[in-house]
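Report on the structure given below.
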Amino acid sequence: MMGAFPLYAQTTIKGKVVDKETNAPIDNVSVYISNSSNGTRSDAAGNFTLTTRSQGQFELVFSMMGYTIKMVPVNTSQPIGFLNVALSSKSNDLPEVVLRTYIKDGWKVWGKQFLNQFIGSYPLSADCKILNPEVIHFQFKKLDSVLIAFANETILVENKKLGYLLHYDLSEFKYDFINGLIFFQGYPLFEDLKNSESKKVLKKRMEIYEGSVMHFMRSLYTNKLRENNFEIRQMVKTINIGGKPIIIDGNTKYDNSHKVSFELTSGLLSADSVAYGENENTAALFFKNFLQVTYTKKVPPPYYSRSYNTNSQGIVSEITLINKKPLFVYSNGTYYEPTSLLLSGYWGWSEKIGYLLPFDFTPVKYK
């Protein structure tokens with residue numbers, strides 16, 4: 001269905017970064033592939049060169065204090081010419097400045113809630129710390145009961161447990177209290193900490209990887225779900241309104257007062273029943289309703305089992321496609337568009353910043 005990723009393949013990206021208003025070159029701009037450890041900076045003439053082994057489509061991010069973050073989509077299956085990138089000064093972005101009024105002492109009021117939804121609750125948050133919380137601001141929409149967070153600078157997250165300093169450019173954060181839905185999007189760059197080569201850290205990274213969404217997507221791409229201990233089944237979820245069951249999906253509006261019931265409508269499915277080769281570098285994942293995904297080689301941590309009253313023998317998650325369109329999956333586990341995939345169950349709890357790994361992570365067994 002899909003070929004193996006050639007590890008030796010490399011792509012070199014070159015370009016220049018300038019100020020949109022003055023056309024003057026900007027030096028020291030952070031240029032990086034989102035959700036990777038691969039980045040560089042522009043020189044005094046605004047020029048940059050970045051070599052990557054990432055294949056398929058990914059996001060090239062340009063970040064500089066005082067300028068609006070810019071993302072350029074790059075696809076290695078197509079010719080990549082010299083990139084001329086113009087950054088807009090935030091002082092010229094008047095609508096953003098006017099609209100983004102924020103709560104005074106917002107971190108004191110909402111910081112704990114933000115940490116639980118962004119970093120993750122214990123044990124995801126263990127040994128994980130935001131170094132500059134003062135750059136994060138909050139709005140709360142009482143009518144919709146939605147918490148919004150934004151940051152004027154790059155958020156720095158020190159994750160000693162996984163040996164990373166995460167540079168996170170947050171583009172959007174929303175937490176819907178009524179429906180219990182969390183959505184955040186941004187551009188992370190990973191930098192190794194001094195302890196990154198310790199055996200304890202390397203073992204922890206591998207522990208987090210096994211059973212993760214990244215592990216699942218890589219297994220799907222190579223058509224090795226069962227070999228890698230994943231089981232998938234078709235699922236339908238319903239809520240009862242007026243005595244009638246209503247089938248729900250990722251776009252259905254309901255609140256915590258509605259009891260959600262589910263029914264498995266299939267036995268074990270194979271990878272090629274829900275995915276197909278879009279081209280030589282891309283797999284397409286498509287299904288209706290929900291997929292239940294079980295990773296059979298790991299049990300949920302005790303804290304999760306107690307909090308969500310589950311005693312499953314594997315870690316069980318559900319996924320659905322919000323846009324009802326194929327999700328394009330690449331060999332390193334990246335997928336496009338990421339905002340169209342809704343996670344619930346274990347992944348809805350675990351896929352937070354505290355357990356985040358870069359997509360250039362290489363799994364290695366450690367005893």
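One Cα centroid belongs to region 195-236, the other to region 290-341; the line between them spans 11 Å. Averaging 1/r over every pair of different alpha carbons in region 120-184 and inverting the result gives a Kirkwood radius of 13.0 Å.
Of the GluC sites (Glu not before Pro) found in region 260-311, the ones in coil according to DSSP and having at most 11 other Cβ atoms within 10 Å of their Cβ are GLU280. Working ranking of peptides 146-153, 58-65 by packing, defined as the average number of other Cβ atoms within 10 Å per residue, highest first, is 58-65, 146-153.
Length, then width, then depth: along the principal axes, the Cα atoms of region 94-248 run 59, 53, 30 Å. The alpha carbon radius of gyration of region 276-335, expressed as a multiple of 2.2 N^0.38 Å, is 1.44. Sorting the segments 319-328, 266-275 by their mean number of nearby beta carbons within 10 angstrom, highest to lowest, gives 319-328, 266-275. Over the chain, Cα pairs under 8 Å with separation of 6+ residues give a relative contact order of 15 percent. The candidate values are [x] -0.27, -0.69, -0.82, -0.97; [y] -0.33, -0.72, -0.85, -0.99; [z] -0.33, -0.85, -1.02, -1.20; the one derived from this structure for log10 I(q)/I(0) by the Debye sum over Cα atoms at q = 0.07, 0.11, 0.12, 0.13 Å⁻¹ carries the label [z]. Our note on the geometry: Cα centres of region 45-92 and region 107-157, 27 Å apart.
Relative protection proxy for 223-231, 47-55, from highest mean packing down: 47-55, 223-231 (other beta-carbon atoms within 10 angstrom).
Normalised by 2.2 N^0.38 Å, with N the number of residues, the alpha-carbon radius of gyration of region 17-174 equals 1.17.
D by Stokes-Einstein for region 159-205, Kirkwood Rh over Cα pairs, 37 °C, 0.692 mPa s: 262 µm²/s. Most simply put, the chain has about 95% antiparallel DSSP beta bridges, counting only bridges with both residues inside it.
Rolling a 1.4 Å probe over the protein heavy atoms gives the chain an accessible area of 52 Å² per residue. What does the net charge come to around VAL135 if you take all other residues with beta carbon closer than 12 Å to its beta carbon, with K and R at +1 and D and E at -1? Charge balance near VAL135 sits at -3.
Shown for the chain: the carbon plus sulfur share of the solvent-accessible area, taken with all protein chains present and a 1.4 angstrom probe, equals 51%. With helices as the sole contributors, the chain gives -4000 deg cm²/dmol at 222 nm; each DSSP H run of n ≥ 4 counts as -39500 (n - 2.57), and the sum is divided by every residue.
The values are calculated or read from the model by the stated rules, or taken from the named source; none is laboratory data. Small disclaimer: the values here were computed from a predicted structure and weren't measured. Here the Cβ is made from the backbone with ideal geometry for all residues, glycine too, and neighbour counts use every protein chain on show. The area values use the complete protein model at the heavy-atom level, side chains included, leaving out ligands, DNA and RNA. Shrake-Rupley method; radii C 1.70, N 1.55, O 1.52, S 1.80 Å.
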